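Asks: Have a look at this one before I ask anything.
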Amino acid sequence: MGCSGFTCSKHCLCALNILYVMVSLLMIGIAAWGKWFGLVSSFQVVGGIIAVGVFLFFVAGAGLIGAMKHHQVLLFFYMIVLFMVFIVQFSVSSACLAINREQQDQLLEVGWNNSRSTQRDVEKSLNCCGFRQLEPNRTCDAACFPNHSCMPCAEKIQEHAGEVLRFVGGIGLFFSFTEILGVWLTYHYRNQKDPRANPSAFL
């Protein structure tokens, strides 16, 4: 049976949603692991990653159930939600790939100023203090701080920020195309008649 067949469409859609379930569990696991071992102390960062993972898990679960049962209503809502996720993810991924150095510096500084816990995480992991300079009367968790040999964190962050943005943008762009594939598969699958069903049934 070719890939236009009912069974092939069903299996492809199930496989795609199993992939999404695995990715969602991986995101939740990595966020929990980072929080447990103290690699990330910011609750906002960990909570955001876990929230995205849980959302993806439920969307993928709905798609998987809808595909297995050929449930028209569930597949319709799954298709709409997946298309909206595609639009958001494609836009963010394109922005990550298109951002220039000046915009990158502005975003980094805004992100730095918004969270004290993120500042501590960065200072500890990159062994630096302050963004462009260390503020007076402020402590620092970096190992270099007692020796007063710390560099500003902006320089170290900027060394890796471009590579990280390109990596995140590329991964996001790849998954956005799997999402539009999922929308197409769902639309195609919804309009197929189950060969095992009653031939006179209306789908």
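No value in this document is a laboratory result; all are computed from the given coordinates. Predicted model only: the values in this text are computed from it and were never measured. Please note: Cβ atoms are built from the backbone with ideal geometry, for glycine as well, and neighbour counts cover all protein chains shown.
Asks: Considering Cα pairs under 8 angstrom that are at least six residues apart, work out the relative contact order of the chain and quote it in whole percent.
Replies: 27 percent.
Asks: Also, I was wondering about something else. Once every DSSP H run of n ≥ 4 in the chain is given -39500 (n - 2.57) and the sum is divided by its residues, what mean residue ellipticity at 222 nm do you get, rounded to the nearest 500 deg cm²/dmol?
Replies: Computed ellipticity for the chain at 222 nm equals -26000 deg cm²/dmol.
Asks: Turning to a different aspect of this structure: Rounding to the nearest 20 debye, state how big the charge dipole of the chain is about its Cα centre with +1 on each Lys and Arg Cβ and -1 on each Asp and Glu Cβ.
Replies: Roughly 720 debye for the chain.
Asks: Within the chain, how many Lys pairs that are eight or more residues apart, or on different chains, come under 16 Å at the alpha-carbon?
Replies: The result is 5.
Asks: Taking each full run of DSSP H in the chain as one helix, which ones are at least 24 Å long along their axis (Cα atoms) and have mean Kyte-Doolittle hydropathy of at least -0.5?
Replies: Both cut-offs are met by 6-36, 43-69, 72-98, 153-190.
Asks: Among rounded, prolate and oblate, which fits the chain when a ≥ b ≥ c are the square roots of the eigenvalues of its C-alpha gyration tensor, a/c under 1.5 means rounded, and a/b larger than b/c means prolate?
Replies: Prolate shape, in that a/c is at least 1.5 and a/b is the bigger ratio.
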